[in-house]
Amino acid sequence: MGKVKIELNGKTILVTGSPGFIGANLVLRLLKEMTSGTVISMDNMNDYYDPALKEYRLGLIEEAAKGSPVSHIFIRGSIADKELLDRVFAEHKPAIVVNLAAQAGVRYSIDHPDVYMESNLIGFYNILEACRHHPVEHLVYASSSSVYGGNKKVPFSTDDKVDNPVSLYAATKKSNELLAHCYSKLYIIPSTGLRFFTVYGPAGRPDMFYFSATDKLSAGKTIQIFNYGNCKRDFTYVDDIVEGVVRVMQGAPEKLTGEDGLPLPPYAVYNIGGGTPENLLDYISTLQEELVSAGVLPGDYDFDGHRELVGMQPGDVPVTYADSTGLEKDYGFRPSIGIREGLRNFARWYKEYYKS
Ligand SMILES: NC(=O)c1ccc[n+]([C@@H]2O[C@H](COP(=O)([O-])OP(=O)(O)OC[C@H]3O[C@@H](n4cnc5c(N)ncnc54)[C@H](O)[C@@H]3O)[C@@H](O)[C@H]2O)c1
């Protein structure tokens with residue numbers, strides 16, 4: 001599908017879910033590279049994980065904004081608050097919206113369904129309604145590799161069927177894609193969904209394996225390795241995700257008319273993943289080495305004594321593996337940062353943040 005080129009400079013860009021992990025990294029990049037315009041971060045700063053980390057990321061953003069020609073506005077509030085969202089759109093008229101706000105986490109969704117419904121369904125619906133009443137040049141939103149559920153065929157392609165979610169989280173993300181398709185078709189809202197594959201990096205999410213394992217090992221606790229280590233994950237370093245998002249923001253799906261004379265939905269979905277799934281045990285070994293070399297853990301740490309191999313958990317899938325050829329073809333980019341470099345950056349950040 002053809003793309004309409006979008007200039008970011010001079011525009012107002014709304015990033016929901018900043019200062020969440022990916023959102024904060026995206027906003028930092030925009031503040032660094034844009035030469036004019038306004039970036040709005042919107043987040044309810046919930047306590048699903050330590051809000052101090054969100055405040056820390058917000059501090060980095062506010063510091064970066066001081067030296068940037070781009071204005072930064074932070075709005076503390078929920079995308080599930082329709083009136084608030086409507087006011088934000090009416091007042092600031094964002095040209096580009098990147099919706100990253102969501103309740104993340106596969107396992108948490110099993111016991112906490114309400115918050116997924118509120119943020120991921122009602123919240124996303126509100127974003128679509130706001131884009132309908134205050135037209136935007138491009139809506140980019142986070143989907144997830146989890147929509148592939150237990151699909152056996154790898155690599156996962158956006159042409160594959162994704163009708164078998166194995167967690168409520170996955171079902172909400174697939175629903176986002178369906179709702180976006182409908183709004184793109186009915187109200188000609190250019191939208192692009194991005195299926196992120198296991199994103200990691202400095203100041204990441206403490207609920208994710210590499211981070212929680214580091215916390216546990218630092219506290220002398222035992223880490224659990226699911227499916228007896230027989231898992232493969234397409235880990236994607238956060239800078240690669242941000243590069244992908246920034247490129248996608250600048251190319252919206254074209255508005256075309258179908259043979260029936262009706263508009264075709266300016267709608268697209270892409271995978272963003274490294275394309276080189278790593279064995280979980282190799283990933284853990286690399287993490288351990290980097291934690292030792294960053295000085296987070298001592299060289300003689302008894303890693304074998306602090307690991308327990310356990311079975312598969314509900315909601316988990318044994319493998320994720322991205323076919324990112326669509327992204328490469330349409331935006332000339334594929335993630336390339338390997339786990340050694342990525343985990344090294346994480347370990348160094350962890351040492352500085354928690355241990356100095
Ligand atoms: N990190 C990953 O591996 C990964 C993988 C696939 C998809 N995603 C998706 O990418 C997006 C960003 O993920 P992340 O890893 O940065 O997670 P994150 O939890 O760090 O960021 C999400 C942010 O959204 C905010 N938020 C949640 N509900 C909200 C609401 N109702 N209103 C306003 N703000 C709200 C949270 O406070 C948080 O700061 C999410 O949509 C997530 O589902 C992430």
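A few comments on the model shown:
- Cα long-axis angle, helix 209-218 against the chain (0 to 90 degrees, to the nearest 10): 30 degrees
- Of every Cα-Cα pair in segment 1-132, the percent that sits beyond 18 Å: 54 percent
- Here's the list of aspartates and glutamates a cross-link from Lys11 could span, going by alpha-carbon distance under 17 Å and ignoring same-chain residues fewer than 8 apart: Glu33, Glu91, Glu137.
- Probing with 1.4 Å while keeping every protein chain in the model, the per residue accessible area of segment 90-133 equals 43 Å².
- Pairwise FRET efficiency - Arg29 versus Lys355, Cβ, R0 = 25 Å, nearest 0.05: 0.40
- Given a 1.4 Å probe and the protein chains as shown, Val269 ends up with an accessible area of around 30 Å².
- Portion, in percent, of the accessible area of segment 286-356 that falls on carbon or sulfur, probe 1.4 Å: 47 percent
- Carbon plus sulfur fraction of accessible area for segment 185-273, probe 1.4 Å, in percent: 50 percent
- With contacts taken as Cα pairs under 8 Å and at least 6 residues apart, the chain reaches a relative contact order of 19 percent.
- Cβ-defined net charge surrounding Leu84, 13 Å radius [Lys, Arg +1; Asp, Glu -1]: -3
- Relative to its residue count, segment 275-342 spans a Cα convex hull of 117 Å³ per residue.
- Karplus-derived 3J(HN,Hα) values for segment 79-87, using 6.51 cos²θ - 1.76 cosθ + 1.60 with θ = phi - 60°, are 6, 7, 8, 4, 5, 4, 4, 4, 5 Hz; glycine and proline are entered as x.
- Once C-alpha pairs closer than 8 Å and six or more residues apart are averaged by separation and normalised to the residue number of segment 139-222, the relative contact order reads 36 percent.
- Whole-Hz ³J(HN,Hα) from phi, Karplus 6.51 cos²θ - 1.76 cosθ + 1.60, for segment 151-161, glycine and proline x: 3, 8, 6, 10, x, 6, 10, 5, 7, 6, 6
- Counting only protein heavy atoms and a 1.4 Å probe, segment 204-290 has 38 square angstrom of accessible area per residue.
- Residue separation of Asn279 and Cys182 scaled by 0.36 nm, minus their Cα-Cα distance, works out to 31.2 nm of gained length.
- Degrees separating the helix 238-249 axis from the principal Cα axis of the chain, which is the longest one: 10 degrees
- Considering every alpha-carbon pair of segment 74-211, the percent of pairs per 10 Å bin, from zero through the bin containing the longest distance, is 11, 39, 36, 13, 1.
- Estimated inter-spin distance, Lys66 and Asp111, nm [label 7 Å along Cα→Cβ]: 4.2 nm
- Over all pairs of different C-alpha atoms, segment 303-347 has a mean inverse distance whose reciprocal, the Kirkwood radius, equals 14.4 Å.
- Dipole magnitude for the chain: computed about the Cα centre from +1 point charges on Lys and Arg Cβ and -1 point charges on Asp and Glu Cβ, it is near 400 debye.
- Protection proxy ranking, highest mean first, for peptides 82-88, 118-124: 118-124, 82-88, where packing is the per-residue count of other beta-carbon atoms within 10 Å, averaged.
- Size descriptor for segment 183-307, Kirkwood hydrodynamic radius: 17.5 Å (Cα pairs only, one decimal).
- Of the solvent-accessible surface of segment 8-143, computed with a 1.4 Å probe and all protein chains present, 51% belongs to carbon and sulfur.
- Charge tally for Arg107 (other residues, Cβ to Cβ under 12 Å; Lys, Arg +1; Asp, Glu -1): -3.
- Computed over the chain, the per-residue total of -39500 (n - 2.57) for DSSP H runs of n ≥ 4 gives a 222 nm mean residue ellipticity of -12000 deg cm²/dmol, rounded to 500.
- Calculated on alpha-carbon atoms, Rg and Dmax of the chain in Å: 20.0, 70
- Taking 26 Å as the limit for the C-alpha separation, the pairs Lys82/Lys161; Lys173/Lys255; Lys174/Lys329 exceed it in the case of Lys82/Lys161.
The values are calculated or read from the model by the stated rules, or taken from the named source; none is laboratory data. In this text the structure is predicted, and so the values were computed from the model without any measurement. Note that we place each Cβ from the backbone using ideal geometry, even for glycine, and neighbour counts take in every protein chain shown. Only protein heavy atoms, including side chains, enter the accessible area calculation; ligands, DNA and RNA are left aside. Shrake-Rupley method; radii C 1.70, N 1.55, O 1.52, S 1.80 Å.
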